[in-house]
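Presented below is the structure to which this report refers.
The values are calculated or read from the model by the stated rules, or taken from the named source; none is laboratory data. Since we're looking at a predicted model, the values are computed, not measured. Using ideal geometry, Cβ is built from the backbone for each residue, glycine included, and neighbour counts are taken over all protein chains shown. All accessible areas refer to the heavy atoms of the entire protein, side chains included, with ligands and DNA or RNA removed. Shrake-Rupley method; radii C 1.70, N 1.55, O 1.52, S 1.80 Å.
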Amino acid sequence: MTLYSIRSFDKSVDATSFRCGQPVLDEYIRRYASQDVRRNVARVFLATPEEDFRRLAGFFTLSAGSVNCSALPEALAKNLPRYPVPVALIGRLGVASEFQGKGLGSMLLVDACKKVAHASAVLAVAGIVVDAKDAAAKAFYTHFGFQTLAGEHARLLLPATAFRV
Ligand SMILES: CC(C)(COP(=O)(O)OP(=O)(O)OC[C@H]1O[C@@H](n2cnc3c(N)ncnc32)[C@H](O)[C@@H]1OP(=O)(O)O)[C@@H](O)C(=O)NCCC(=O)NCCS
């Protein structure tokens, strides 16, 4: 079984041959991730196999965001104020094709939830939002309990009650 290290964006990791099946994500990690980190638009986390610290196996990004209360599932909305509520955003998440289907995607998602849970002790969020690129990505997130937001077919939310420490 492959073991992975997950750490903050690091230019020594080689993203040039990274392909996850979504060219827009490949392009992002190769060309734009480092400037997003520099400009404080996103934090980017990289997974590398423990035996090769320079090979990119997967990544995800975290940013702050907000959603309209009207888009939230009824059960959650009824306990919240009627103005936009703060959330954490997993803007992008991808696993290199050769590493897919072996648990790395779930490991990245769990790691992202843990990071948000820790951060939420000092910066409140009502949940974690993801933007699913296609039906397969949507199925992946719903498998972990994410719920579709009303009127936003590509956006899903995991309420804070599901991951709070
Ligand atoms: C979606 C993606 C991240 C999944 O990564 P992965 O490493 O293959 O996923 P895992 O092996 O950890 O699978 C985790 C679980 O999700 C399930 N799963 C994975 N892809 C799924 C899909 N498309 N539909 C439904 N379930 C899915 C697996 O069956 C597995 O369930 P189990 O733990 O009960 O067996 C990966 O396929 C990917 O990078 N795709 C392209 C980019 C993308 O779509 N990113 C997400 C949206 S931005």
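A few points about this structure:
- Residues that are of a type in the set (A, V, I, L, M), in a loop (DSSP other than H, G, I, E, B) and open to solvent by less than 30 Å² (accessible area, probe 1.4 Å), drawn from the stretch 60-106: L72, A96
- Checking each residue in the stretch 42-59 for being more than 14 Å from D14 (Cα to Cα) and in contact with a Gly (Cβ under 8 Å, 6 or more places away or on another chain) picks out only A42.
- All of (1) at pLDDT below 95; (2) polar (S, T, N, Q); (3) within 14 Å of the ligand (Cβ to nearest atom) hold for T161 with one exception: (3).
- Residue in the stretch 39-46 that is in a strand (DSSP E or B), farther than 22 Å from L158 by Cα, more than 14 Å from the chain's Cα centre (by Cα) and among the basic types (K, R) present: no
- Those residues of the stretch 107-156 which are assigned to a strand (DSSP E or B) and either more than 16 Å from the ligand (Cβ to nearest atom) or not polar (S, T, N, Q) (or both), in sequence order: G127, I128, V129, V130, D131, L149, E152, H153, A154, R155, L156
- No other residue among R30, R19, R7 is under 21 Å from Q100 (Cα atoms), part of a strand (DSSP E or B), at pLDDT 95 or above and charged (D, E, K, R) apart from R7.
- Sole exception among (1) within 13 Å of the ligand (Cβ to nearest atom); (2) in contact with a helix residue (DSSP H, G or I) (Cβ under 9 Å, 6 or more places away or on another chain); (3) modelled with pLDDT of 95 or more for F45, by number: (1)
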